[in-house]
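In what follows, a structure is listed as structure tokens, so that the remarks can point back to it.
A short reminder: the numbers here are calculations on the coordinates, not readings from a lab. Computed from a predicted structure; not experimentally measured. Cβ coordinates were reconstructed from backbone atoms using ideal geometry, including for glycine residues, and neighbour counts include every protein chain displayed.
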Amino acid sequence: MKVLAFAASSSRQSINKQLATYAASLVEGAQVEVLDLNDFEMPIYSSDRENEQGIPAQAQMFYKKIAEADAIIVSFAEHNGSYTAAYKNLFDWTSRISQKVYQDTPMVLLATSPGPGGAKSVLGSATGSAPFFAMDVKASMSVPSFYDVFDSEKGELTDETLKQQLKESVFSLQS
């Protein structure tokens, strides 16, 4: 099984990238590829730019990576209650290739934040819009108070309840 994992964040110290990477490591026997959104940086989407220059190679590469995956794990960072600009721009460009950006690939959607909200607002947006963009969401989960429940040195959740919930979420990709 080929698992594609990424954080919907461009932060080099992204806690969502740590969470997505950890979640992907729980898929037994999987070949895991962790993407960095910084590798997909493009000009801000506009229809004028698309008409004049076409769809950038980075969006086409992202779409191809999705097509090659058997499962996807995304962890959403939340900026002012919504998607990060980096993710939204990549998503907007990629959706110009096909509205079915995620191509019915089985997915686990995650979100985390340093605070008790666990980025639930952006996770709600992602799960709510999932059917429109061909996300086959098998599970979704918010992890609140990241620094209290995740050991960054070991790269794993320390809260047993959250760890078990994440394992069950990831297991849904294999069924």
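Show me the GluC sites (Glu not before Pro) within region 2-56 that DSSP assigns to loop and that have at most 14 other Cβ atoms within 10 Å of their Cβ. Mind dumping the intermediate values first?
Details: sites: GLU28, GLU33, GLU41, GLU50, GLU52; in loops: GLU28, GLU41.
Here the sparse-neighbourhood loop sites are GLU28, GLU41.
Just add up the charged neighbours of THR158: K/R +1, D/E -1, any other residue whose Cβ is under 12 Å from the Cβ of THR158.
Once positives and negatives cancel, what remains is -4.
Relative to the Cα centre, what is the charge dipole magnitude of the chain, using +1 at the beta carbon of each Lys and Arg, -1 at the beta carbon of each Asp and Glu, and rounding to the nearest 20 debye?
With Lys and Arg at +1 and Asp and Glu at -1, about 220 debye.
Where the convex hull is taken over the Cα atoms of region 1-78, what is its projected area averaged over directions, in nm²? Before the final figure, lay out the partial values.
Numbers: hull surface 22.4 nm².
Here the figure is 5.6 nm², rounded to one decimal.
When we measure straight from the Cα of LYS100, which aspartates and glutamates land under 15 angstrom away, once same-chain ones fewer than 8 places off are left out?
Output for LYS100: GLU68, ASP92, ASP136.
What does DSSP give for region 1-99 in terms of the percent of beta bridges that are antiparallel, rounded to the nearest 5?
Here the antiparallel bridges make up roughly 10 percent for region 1-99.
Scale the Cα Rg of the chain by the rule-of-thumb value 2.2 N^0.38 Å and send over the ratio, two decimals. Mind dumping the intermediate values first?
Numbers: Rg = 15.5 Å, N = 175, 2.2 N^0.38 = 15.7 Å.
Compactness ratio reported: 0.99.
What number comes out for the charge environment of SER47, summing +1 per Lys or Arg and -1 per Asp or Glu over other residues with Cβ under 13 Å away? Write down the numbers at each step before the final one.
Values: positive: ARG49, ARG96; negative: ASP48, GLU50, GLU52, ASP92.
Surrounding charge for SER47 is -2.
I want the antiparallel fraction of DSSP beta bridges within region 47-175, as a percent rounded to 5.
Roughly 20 percent of the DSSP beta bridges within region 47-175 come out antiparallel.
So which GluC sites (Glu not before Pro) in region 111-175 pass both tests, a DSSP loop state and at most 15 other Cβ atoms within 10 Å of the Cβ?
Those that pass, being in a loop and sparsely packed, are GLU153.
Length gain on complete extension for the stretch GLN31 to ASN80, per 0.36 nm per residue less the alpha carbon to alpha carbon distance?
Net length gain for the segment: 14.2 nm.
Name the lysines eligible as straight-distance cross-link partners of LYS2: C-alpha to C-alpha under 18 Å, and not fewer than 8 places from it in the same chain.
LYS17, LYS64, LYS65, LYS138, LYS167
How far apart, in nm, are two points set 7 Å out from the Cα along the Cα-to-Cβ line at SER46 and at SER11?
The answer from the label model is 3.0 nm.
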